[in-house]
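The values are calculated or read from the model by the stated rules, or taken from the named source; none is laboratory data. Remember, it's a predicted structure, so these values are computed and weren't measured experimentally. Here the Cβ positions follow ideal geometry from the backbone for every residue, glycine too, while neighbour counts run over all protein chains shown.
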């Protein structure tokens, strides 16, 4: 973590043992740590402490997990990482579609959780200077709407570019199939993701990304895609609108 920065982390979880474990871990790593054991208490903590990142268990005594994510999103744009014993695919998809940024299943490894938190906090920073995504040999220039591999421009169709652009703007973050379908084709698109898979096959072929050994676009079967984080020194605005 950068010297002088103390990120504020809020954990909303009714399990006291988990809270105690997390508190020790975060304080050791220089974070400010707040806790809540119910949804209503969590909402109060968000209003009072403006956390930089929120850890959320889906099982709360007063508010449903998905409803809680939606309430958080109405109050804050801070990253939300779900930390839950619910490990079914449907639970993950529902949480991510509702606005969660990541999903970790209990029991979890503390180092993995800390790495995901660092990743989410890096994504949240914006420096206002760069409009370029860069990862290894792949460059996406958002201003020029151009894509390059090894310095050579490659041709993408308008739909292919919009898919790649949206994933690049959300690099490091899991984007569900349904969210991507709605973003590109609109809210009334069929839930059948065949059209998305066809376009993704073409994108991968053009940028030289083999699905068996991906460098840029990683697939979580049944859930969605995650783009490798940008290695650009400057970040870009994740709230940037795609046309």
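Here are the numbers:
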{"item": "Per-region count, the range 78-112, residues farther than 21 Å from residue 181 by Cα, under 17 Å from the mean Cα position of the chain (by Cα) and touching a residue at least 40 places away in the same chain (Cβ under 8 Å)", "result": "3"}
{"item": "Residue count, the range 59-76 (criterion: surrounded by fewer than 21 Cβ atoms within 10 Å (Cβ to Cβ) and without any contact (Cβ under 8 Å) to a residue 40 or more places away in the chain)", "result": "11"}
{"item": "All positions within the range 96-136 that are in contact with a helix residue (DSSP H, G or I) (Cβ under 8 Å, 6 or more places away or on another chain), part of a helix (DSSP H, G or I) and either more than 22 Å from residue 21 (Cβ to Cβ) or at pLDDT below 85 (or both)", "result": "96, 97, 98"}
{"item": "Residue match in the range 14-34 (condition: touching a helix residue (DSSP H, G or I) at 6+ places or on another chain (Cβ under 6 Å), farther than 24 Å from residue 174 by Cβ, surrounded by 14 or more Cβ atoms within 10 Å (Cβ to Cβ) and outside the structural domain of residue 176 (by TED's automatic domain parsing))", "result": "yes"}
{"item": "Those residues of the range 145-164 which are assigned to a helix (DSSP H, G or I) and at pLDDT 90 or above, in sequence order", "result": "160, 161, 163, 164"}
{"item": "All strands (runs of 3 or more DSSP E) inside the range 1-77 with 3 or more residues being within 21 Å of the chain's Cα centre (by Cα)", "result": "8-12, 53-56"}
